[in-house]
Amino acid sequence: MIFKKYQLRSYNFRLVALIIITCVYAILIVNSANSAYTLRQGVGMLLSFVMMIVISFIDYNWILKYYWLWYAISTILLLAVKLVGSSAKGAQRWISFGGFSVQPSEFTKLILILVLSKLISMYKDRLNTFKFLGVLAVTVGFQLLLILAQPDLSTTLLTFVICVVIIYCAGLEYKMIGKILMVVIPVIVVLLAYIILDENQVILKKYQRNRIMTFIDSNYSTDDDDEDDGSDDDTYQQYYAVQAIGSGQLTGKGLNNDDSSSLKNAGYIAEAQNDFIFAVIGEELGFVGSAFTIFLIFAIVAECLITAVKAQNFAGRLICCGVAAYIGFQSFFNIGVVTWILPNTGIPLPFFSCGITSLITVFTSMGIVLNIGLHTKVERDEDLFAPDFKG
């Protein structure tokens, strides 16, 4: 059955309250960053929240039954991006229709969480074999290559990290991890050396290499005259973002301020309502607002992990771990870029950055986690007798 009878006392109202607080806070930030996006983001957030509540009462085991269908849909959407997708700033990552644009790679993060969780729960006894790990690598790698071809290196790396976390939490033995690292680390070192030392390398797009090089050396001259990503100076965004955060000091300059010293008001914070919204938080709400933002995200991640511990079966545990990794690492990547501790990438901040596709993915993930929390009675199911995952 799609819907089941649940005991509402098992519903995670604490997580729902955290999400509501985060949403209200996020809308206030978006309105201050760029009021032209407030209505659209607010409506999108409200509809996504309602969708989350509906999904929270749909049995996640029923959703997992059709893991192959979700994988097929994800693959079709990623292929459609290459065939009929729209381009912006040198990348073809969106499918546009009716005045709206969706980014399929955002959906892929959640779909791969579901697919991996289902596959591993079905064949958990084979996890520590190279044959099964090879199957997982092909399953994940095929879609990662489609994302990388858009090109979207940052989403590729983030999705890869999420998948690695799920496999680790499933109980991958340290002996197997050691064998994998003995192969992977030398390969990564050689590839990085090739990318850094050879200007004519063919692994990354020129602007992607430039971002890495300017992160390593801010005086590096990009001289980028190829298909550009929209920025002649790859350190420009991060430089002013850090300046904005620093100028906010303890409590910031206030939301919707008309301070003449505001870098946001002067237009120096590019994509203020999107990928660099954390810079607005830092400038207008200071250290206090930035810390509160990180606390809210941390609390949501913690609730996902608590739900994982209490999950009725192995697949549910892995899904919660995957969603926690998704929210946690994506937030880390975004804030790391804005604070200039990571190379410049186009990763949105969950719940805060504008973008309907991102909202749908995040709230769908939360809905599934809420449903997993509702399953308190252990059913006689072969999936339920899985070994404990690594916490």
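In nm, give the distance between the simple-model label positions of Ser96 and Ile196, each being 7 Å from the Cα along the Cα-to-Cβ direction.
3.9
Sort 249-255, 19-25, 156-162 for me by packing, meaning the mean count of neighbouring Cβ atoms within 10 Å per residue, highest on top.
Highest-to-lowest ranking by the protection proxy: 156-162, 19-25, 249-255.
Residue separation times 0.36 nm, minus the C-alpha to C-alpha distance between Ser86 and Ile20: what's the value?
Working: separation 66, 0.36 × 66 = 23.76 nm, distance 3.30 nm.
Using 0.36 nm per residue and subtracting the Cα-Cα distance, I get 20.5 nm.
What figure, in Å² to the nearest 10, do you get for the accessible area of Trp70 with a 1.4 Å probe and non-protein molecules left out?
Estimated to the nearest 10 Å², Trp70 gives 70 Å².
Measure off, as a whole percent, the carbon and sulfur share of the 1.4 Å-probe accessible area of region 22-164, all protein chains present.
74
Using the per-residue mean of other Cβ atoms lying within 10 Å as a proxy for protection, in what order, highest first, do the peptides 358-370, 73-85 fall? Walk me through the intermediate numbers first.
Details: 358-370: 24.1, 73-85: 15.8.
Per-residue Cβ counts within 10 Å, averaged per peptide and sorted highest first, yield 358-370, 73-85.
Can you give the FRET efficiency for Trp62 and Lys205, using 1/(1 + (r/R0)^6), R0 = 45 Å, r = Cβ-Cβ distance, to the nearest 0.05?
Using R0 = 45 Å, I get an efficiency of 0.65.
DSSP H helices in the chain with Cα extent of 18 Å or more along the helix axis and mean Kyte-Doolittle hydropathy at least 0.5?
13-33, 38-55, 67-84, 104-122, 130-148, 153-169, 174-197, 277-310, 314-338, 356-374
Debye sum, Cα scatterers, the chain, no solvent: what log₁₀ I/I(0) at q = 0.09, 0.12 1/Å?
Taking Cα atoms of the chain as identical point scatterers yields -0.56, -1.00.
May I ask you to give the solvent-accessible area per residue for the chain, in square angstrom, as obtained with a 1.4 angstrom probe? Don't skip to the end; give the middle numbers.
Values: 18500 Å² over 391 residues.
In whole numbers, the chain has 47 Å² accessible per residue.
If we sort 108-116, 47-55, 125-133 on the protection proxy, mean other Cβ atoms within 10 Å, highest first, what's the order?
108-116, 47-55, 125-133
How far is it, in nm, from the label point at Phe132 to the one at Ala291 when both lie 7 Å from their Cα along the line to the Cβ?
Distance between the two pseudo-spin positions: 4.5 nm.
Show that you can apply the helix-only estimate: for the chain, add -39,500 (n - 2.57) for every DSSP H stretch of four or more residues, divide by all residues, and state [θ] at 222 nm to the nearest 500.
Computed mean residue ellipticity for the chain: -21500 deg cm²/dmol.
Looking at Ala308, Gly328, Pro343, which one has the Cα that reaches farthest to the positive end of the dipole of the chain (charges on Cβ: Lys, Arg +1; Asp, Glu -1)?
About the Cα centre, the residue reaching furthest to the positive side is Ala308.
Give the distance, in whole Å, between the Cα centre of region 32-84 and the Cα centre of region 265-337.
Measuring centre to centre over Cα atoms gives 18 Å.
Over the alpha carbons of region 119-193, what is the largest minus smallest coordinate on each principal axis, giving the biggest first in Å?
So the extents along the principal axes, rounded to whole Å, are 36, 26, 19.
What's the FRET efficiency of Val184 with Arg9 using the Cβ-Cβ distance as r and R₀ = 41 Å, to the nearest 0.05? Spell out each step's value before the answer.
Values: r = 46 Å, r/R0 = 1.12.
Computed FRET efficiency for Val184 and Arg9 comes out at 0.35.
Given an 8 Å cut-off on Cα distances and at least 6 residues of separation, report the relative contact order of the chain as a percent.
27
Around Leu133, what is the net charge, scoring Lys/Arg as +1 and Asp/Glu as -1 over all other residues with Cβ under 15 Å from its Cβ?
+3
The values are calculated or read from the model by the stated rules, or taken from the named source; none is laboratory data. Given the structure is predicted, the values throughout are model-derived calculations rather than measurements. Here the Cβ is made from the backbone with ideal geometry for all residues, glycine too, and neighbour counts use every protein chain on show. Calculation scope for accessible area: heavy atoms of the full protein, side chains included, ligands and nucleic acids excluded. Shrake-Rupley method; radii C 1.70, N 1.55, O 1.52, S 1.80 Å.
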